[in-house]
1. Which one of 9, 51 is hydrophobic (A, V, I, L, M, F, W, C) and modelled with pLDDT of 90 or more?
2. Pick from the stretch 12-33 the residues that are at pLDDT 90 or above and not in a helix (DSSP H, G or I): which of them is farthest from residue 63 (Cα to Cα)?
3. Find all pairs meeting these conditions: Cβ atoms under 6 angstrom apart; at least six residues apart or on different chains; first residue within the stretch 92-112 and over 18 Å from residue 31 (Cα atoms); second residue part of a helix (DSSP H, G or I).
4. With 92, 36 as the choices, which residue is in the same structural domain as residue 15 (by TED's automatic domain parsing) and at pLDDT 90 or above?
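The values are calculated or read from the model by the stated rules, or taken from the named source; none is laboratory data. Since this is a predicted model, take the numbers as computed values, not measurements. Positions of Cβ are backbone-derived with ideal geometry, glycine not excepted, and every protein chain shown enters the neighbour counts.
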Amino acid sequence: MLDSKNLEISDTALDFKRIGQRIKEIRKMKEMSQAELAEAIGISTKYISLIETGNKRPSLTTLVKIGNVLGVTVDSFLYAQQENSAMAYCSELADLLEDCSGYEKRFICEMAFVAKKNLRENGCSCRSFRKS
């Protein structure tokens, strides 16, 4: 039986600044202004700005609305919140490769293999790239 107390995540465990940065990155990739996003979900432009800077903590409902308008799932905003999750970067990589030619996709893949090999051979780990 699962203990619901062990499943809870406190607000302090989530990096709302990083969540806001991801929202902003995705919004800009979709070439949408803060005003357009705010209007689409029925909140103020100022509130979107506060979310994107990490100065306000949006509700789950607001995150879902933002995700729906931007055409992404809520996990796109949270991908950096879980350590060692292979799925954490899937949507980001898919977005990166979306408009690439076959040659570009292969080149990027080869570069990733070389980077991974070099990181491991030189004793570097991805942990050294974590935000402090």
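1. Criteria check complete, one pass: 51.
2. 31
3. 105/97
4. Just a single option satisfies the conditions, and that option is 36.
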